[in-house]
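Okay, so here's the structure we're looking at.
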Amino acid sequence: MDRRESLKNLLIGAAATGALFKATGCEDPAVISGDQPDTALKSYAFEGTRTDWEKQRDARMHAVDFFNDGERKTLDVLADLILPEDEGGPAASTTGTTEFIEFMANDYPAFQLPLRGGLSWLSGESLDRFGNNDFTQLTAPQQTAILDDIAYLPDDKEEILSAPVAFFDLLRKLVQTGYFTSKEGIKDLGYQGNQPNLWDGVPEEVLAKHDVDYDPEWLAKCIDHETRDEVARWDDNMNLLN
Amino acid sequence: MQIKKPTKEYDAVIVGSGAGGGMTAKILAESGLSVAIVEAGPFFDPADPATKTQMRWSHESPRRGAATVRPFGDFDTAYGGWEIEGEPYTNEEGSEFSWFRSRMLGGRTNHWGRISLRFGPDDFHRKDIDGLGANWPITYEDVSPYYDKVDKLIGVFGTNEGLPNDPDGYFLPPPKPRLHELYSIKGARASGVPVYPSRMSMLTKRINEDRGVCFYCGQCSRSCAVYADFSAGSCLIFPAQKNGGQIDLFVNCMAKSVETDGQGKATAVSYVNKEDRREYQIRGKVIVLAASACSTARILLNSNEKDSGGLGNSSGVIGRYVHDSTGAGMMGFIPALMDRDKYNEDGVGGLHVYSPWWGDNKKLDFPRGYHIEYWGGMGMPSYGFGFGHTAIQRELGIRPGGYGKKLKDEARRMYGAVVGMAGRGESVAMYDNYCEIDPHQVDEWGIPVLRFNYTWSDYERRQASHMQDTFEEILTNMGATILSKKGTAENDYGLLAPGKIIHEVGTVRMGDDPKTSATNSFGRMHEVKNLYVTDAGTFPAQADKNPTWTIMALAWRTSDHIVSELKKMNIR
């Protein structure tokens with residue numbers, strides 16, 4: 001697995017791999033004031049698995065509001081335009097995407113400027129085109145009219161994105177991650193794992209669909225789960241006896 | 001806060017609790033020796049529910065598992081990373097070495113990939129074959145009995161294939177390949193690249209009553225709470241303690257230097273206790289450094305009473321010849337894997353199949369080989385999900401971007417269709433690649449830090465170029481379109497910076513000649529008879545294999561030697 005991807009590589013698509021990105025350092029973002037007394041820190045799930053240093057850092061991230069209420073409301077609306085409710089799952093905003101995006105803005109300060117700048121741009125665009133500086137109050141056709149102008153990348157993948165397009169591209173990525181890593185999104189996607197089980201190969205019908213098969217010689221060497229609880233024994237020639 | 005103060009002299013003081021330190025502690029303690037372990041991080045037991053990240057969901061992390069804090073993400077069980085606050089290192093201009101440290105009991109064994117490969121007969125004498133680097137002072141035959149013992153003690157699945165340089169072992173049966181791995185097998189074989197079941201230290205079958213058996217959550221990087229994968233705590237240190245071995249753990253203690261009596265004998269390890277930030281000494285009849293290759297070199301180089309360039313370093317080789325595995329990768333998207341049937345294919349953590357090096361370097365323009373790791377599948381969605389969406393849209397001829405139900409449906413259809421390959425190769429150990437003490441900087445414990453000087457050579461660049469061509473061909477055979485840009489000469493063919501593969505070895509290399517090596521073939525310092533090294537610092541040459549299995553085999557061999565020397569009263 002690749003160890004550390006630059007943000008650029010990441011945005012190109014390393015993430016589809018499940019590979020994760022590394023910020024360029026562990027410094028706390030500038031917006032976060034220094035050490036705060038422990039009593040001021042909100043507790044949060046997952047805390048127990050953190051080292052002390054991580055715990056303090058995470059608590060500071062949680063303690064700071066990056067967005068204002070208007071920005072949050074706009075992020076909710078945008079999230080639901082990006083991934084609306086349908087037969088497979090709920091609207092993205094109901095799964096905590098805005099809270100996640102706000103945490104990331106604190107956790108990875110490079111997101112702050114494009115997100116905040118993008119939201120302000122959106123307000124200006126809403127005012128210029130439709131006489132209302134609150135995107136969330138526009139009619140649905142007005143909202144999509146704006147989005148249609150910024151939601152697509154240029155054909156040339158090397159072309160540098162304009163700021164509004166880059167904003168929406170980043171937002172789409174974060175909303176996708178936020179939704180599809182939520183409880184509801186994981187269910188929507190159909191991920192079946194993260195539970196004890198016995199992996200015993202690809203189901204027959206799937207093999208048939210994909211025109212691949214197990215080599216019988218290979219298969220014969222694989223674990224027979226019936227024997228998994230017998231303590232392994234070998235002869236002196238490296239042959240497993242049970 | 002209670003500070004544990006060392007009062008007695010131990011038979012052995014071991015610095016580090018990873019693969020090398022853990023194994024040394026186990027063998028020495030079970031031989032009746034009193035052992036102290038000095039570990040720079042906290043106590044850690046994978047079974048402790050309080051710190052356990054295994055079986056947690058992405059949404060339990062406020063960053064959904066992103067790697068802003070831990071380099072492999074929030075759930076990875078390595079406390080540390082390439083950067084640790086308060087514990088810096090530096091690079092000479094033009095050098096870009098990245099040094100990964102995991103500060104916790106068990107060290108990096110808690111999160112590693114568990115790819116457990118024996119070195120082969122050729123790997124011990126590459127210089128004879130291609131004239132480069134150095135031979136080992138020992139052969140495969142010297143180490144193979146210890147590989148056998150490690151296989152049986154720790155447990156490793158794999159298959160006996162009778163390959164000349166990828167030896168057979170005492171294997172547990174491997175898990176069956178996943179769907180994308182069947183594609184990989186087909187694609188690789190079409191290019192003449194062999195694929196075999198991977199060899200990894202997870203228990204597909206019971207090996208004793210103390211450890212559990214794998215339940216296929218695919219999360220070995222989080223360290224297994226039922227001890228079904230290898231970590232030095234669960235498989236070495238705790239069992240030794242349970243068996244009555246006397247091992248005292250000095251955790252959160254940062255080793256600084258080795259003290260001597262001025263007459264060539266090591267007497268103690270000096271360390272800073274991170275709790276009270278004060279320095280202590282802990283005495284031992286034998287001192288064993290297993291702090292990881294670079295930390296061990298740092299300790300030795302900082303142990304210089306007479307400004308002599310480090311303890312046991314008349315040869316000047318300590319810190320030199322540091323070398324990591326090479327690494328490069330490629331990923332693709334397989335349209336035929338869209339709209340997949342959903343089922344649980346977590347399997348064991350990581351690859352079920354791999355390709356050991358198949359080439360003949362005599363016919364190639366680079367001297368050393370690499371193995372291939374394959375990845376893909378329907379893993380738990382985590383931070384970064386959807387970030388590759390527009391790249392895949394382009395491959396499918398869809399206008400990149402968009403929003404709404406169409407986007408949501410596309411994401412559902414694409415899930416599980418991205419695959420990738422990673423090469424992990426052998427680099428050539430070079431005198432001019434080294435770490436040394438940076439005279440201008442100390443860490444927050446007051447200990448002078450390491451400064452690295454490491455650059456790749458054309459040997460590694462040409463190998464990476466070969467990887468890129470191979471990966472492109474195999475992925476294409478698999479029906480994939482390439483999502484990542486193919487590496488070119490401009491970016492060293494995608495060769496990752498040294499240190500990124502976390503297989504650094506060679507800083508305290510072993511050899512028969514004290515003028516060109518730091519330790520003898522048992523890891524005993526040529527100049528300090530009761531000072532040993534049992535981490536990968538002693539490796540004169542890496543192989544195209546992960547080093548952990550060899551670290552443990554050699555640590556066991558060294559430990560047997562220490563016990564025998566103590567019995568013979570050669571160490572007093």
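Take the Cα of A:Glu47, step 7 Å toward its Cβ, do the same at B:Thr455, and the gap between the two points is 5.1 nm.
To the nearest Å, what is the center-to-center distance of segment B:362-441 and segment B:172-191, using C-alpha atoms only? Segment B:362-441 and segment B:172-191 have Cα centres separated by 19 Å.
Expressed in Å, the radius of gyration and Dmax of the Cα atoms of segment B:169-229 are 14.2, 44. Straight Cα distances below 18 angstrom link B:Lys285 to the aspartates and glutamates B:Glu9, B:Asp11, B:Glu30, B:Asp248, B:Glu259, B:Asp261, B:Glu527, B:Asp560, B:Glu565, with same-chain residues fewer than 8 positions distant left out.
Reducing segment B:259-274 and segment B:1-57 to their Cα centroids gives an inter-centroid distance of 19 Å.
Using a cut-off of 29 Å between Cα atoms, the listed pairs B:Lys52/B:Lys406; A:Lys173/B:Lys176; B:Lys26/B:Lys568; B:Lys152/B:Lys265; B:Lys149/B:Lys242 include B:Lys52/B:Lys406; A:Lys173/B:Lys176; B:Lys152/B:Lys265 as exceeding that distance.
Axis of helix B:179-190 versus longest Cα principal axis of chain B: the two differ by about 90°, to the nearest ten degrees.
Please work out the Kirkwood hydrodynamic radius for segment B:479-572, using every pair of different C-alpha atoms, and report it in angstroms with one decimal place. Intermediate values should be presented prior to the final figure.
Working: mean 1/r = 0.0635 Å⁻¹.
Across segment B:479-572, the inverse of the average 1/r is 15.7 Å.
Shielding of B:175-181 by partners, i.e. mean partner chain Cβ atoms within 10 Å per residue? It would help to have the intermediate numbers written out before the result.
On the way: counts 7, 10, 8, 3, 8, 3, 2.
That average works out to 6.
What order do you get for A:224-234, B:503-513 when each peptide is scored by the mean count of other beta carbon atoms within 10 Å, highest first?
Details: A:224-234: 13.3, B:503-513: 25.0.
Going from most to least packed, we get B:503-513, A:224-234.
Mean sequence separation of contacting Cα pairs (under 8 Å, at least six apart), scaled by the length of chain B, corresponds to a relative contact order of 23 percent. Taking amide H atoms as placed 1.01 Å from N in the peptide plane, the amide H of B:Ala67 lies under 5 Å from those of A:Phe21, each 5 or more residues away in sequence or on another chain.
Peptide B:406-417 has a mean of 4 when you count, residue by residue, the C-beta atoms of other protein chains within 10 Å of its C-beta. Loop-located chymotrypsin sites (Phe, Trp or Tyr not before Pro) across segment B:1-94 with a Cβ neighbour count of 16 or fewer within 10 Å are B:Phe43, with loop assigned by DSSP. Helix B:140-154 axis versus longest C-alpha principal axis of chain B: approximately 70°, rounded to the nearest ten. The distance linking segment A:197-242 with segment B:74-138 is 32 Å (Cα centroid to Cα centroid, whole angstrom). Calculated FRET efficiency, B:Met55 and B:Gln263, Cβ-Cβ r, R0 45 Å, to nearest 0.05? Efficiency computed from Cβ-Cβ geometry: 0.25. When the GluC sites (Glu not before Pro) in segment B:267-347 are filtered for DSSP coil states and for at most 14 other beta-carbon atoms within 10 Å of their beta-carbon, the remaining sites are B:Glu275, B:Glu305. Counting only the Cα atoms, chain B fills a convex hull of 150 Å³ per residue. Phi angles of segment B:504-515 translate, via the Karplus equation with coefficients 6.51, -1.76, 1.60 and θ = phi - 60°, into HN-Hα couplings of 5, 9, x, 6, 9, 5, 8, x, 7, 9, x, 6 Hz per residue; Gly and Pro are given as x.
Need one value for B:160-170: mean number of C-beta atoms belonging to other chains within 10 Å of its residues' C-beta atoms.
2
In whole percents, the pair-distance distribution calculated for the protein assembly as shown from its alpha-carbon pairs, binned every 20 Å from zero, is 16, 49, 30, 5, 0.
Bridge orientation summary for the protein assembly as shown: considering DSSP beta bridges with both residues in this region, about 70 percent are antiparallel. Against chain B, whose longest principal axis is taken from its Cα atoms, helix B:548-567 shows a tilt of about 20°.
Bear in mind that the values in this text are calculations on the coordinates, not laboratory data. Model, not experiment: these values are computed from the prediction. Neighbour counts run over all protein chains shown; Cβ positions are idealised from the backbone, glycine included.
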